[in-house]
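The values are calculated or read from the model by the stated rules, or taken from the named source; none is laboratory data. Quick caveat, the model's predicted, so the values are computed rather than measured. Cβ placement follows ideal geometry from the backbone for every residue including glycine, while neighbour counts extend to all protein chains displayed.
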C-alpha cells in the first residue's frame, strides 16, 4: 500500500513534466525535450528519473543512442519493473542487432543486472548476451 501511495505522489508531483514532455514527444521536438530535461536534472542534482528517461529516449529518436544510454544506464540498475526494463531494451539493445553492433549489445546488457528483475527478464538478457557472443564468434 505504501508503494502505491509513493507512486501516486510521484505522479502528481511530476504531472506538469509528464504533460510538457508528452506534448513535445508527440510534436517530435527531441532537442527541446533534452534541453528542458537537462534543466530539471541539474535542478535536482542529477537525481531525476523522469528527466534521465526523457533525455535517453529523446537521444535515441535523434539517432544518438550512445549519448542516450549514458543517461539511463544508472536508472536501469535501480528499476525493478519488467515493463520498463523491456522498454529500455527496445530502445537501447534490440536495434543494435540490426546494426550488428554486438560489442555494444554486450556492454549495454552488462547494466541490466538488477537483482530485483524477474527471472524471466534475467533469462531474456542472458539469451541476448549469448546471441551477441555467438554472432561475434561467427563473424570471426
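May I ask you to verify whether residue 90 is free of Cβ contacts under 8 Å to residues at least 60 places away in the same chain and not assigned by TED's automatic domain parsing to the domain that holds residue 20? Spelling it out, residue 90 is indeed free of Cβ contacts under 8 Å to residues at least 60 places away in the same chain and not assigned by TED's automatic domain parsing to the domain that holds residue 20. Residues in the stretch 57-66 include at least one that is assigned to a helix (DSSP H, G or I), within 16 Å of the chain's Cα centre (by Cα) and farther than 27 Å from residue 15 by Cβ.
Per-residue answers, yes or no, for (1) farther than 21 Å from residue 110 by Cβ; (2) surrounded by 12 or more Cβ atoms within 10 Å (Cβ to Cβ); (3) at pLDDT 95 or above:
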residue	(1), (2), (3)
26	yes, no, yes
43	yes, no, no
81	no, yes, no
84	no, yes, no
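In the list 106, 128, 76, which residue meets the criterion of being crowded, with 19+ Cβ neighbours inside 10 Å and either at pLDDT 90 or above or touching a strand residue (DSSP E or B) at 6+ places or on another chain (Cβ under 6 Å) (or both)? Result of the check over 106, 128, 76: 128. Kindly evaluate residue 90 against the criterion of being exposed (fewer than 14 other Cβ atoms within 10 Å of the Cβ) and in a helix (DSSP H, G or I). Answer is yes for this residue. Just to be sure, is residue 96 exposed (fewer than 13 other Cβ atoms within 10 Å of the Cβ) and under 30 Å from residue 136 (Cβ atoms)? So residue 96 does not fit the description; no.
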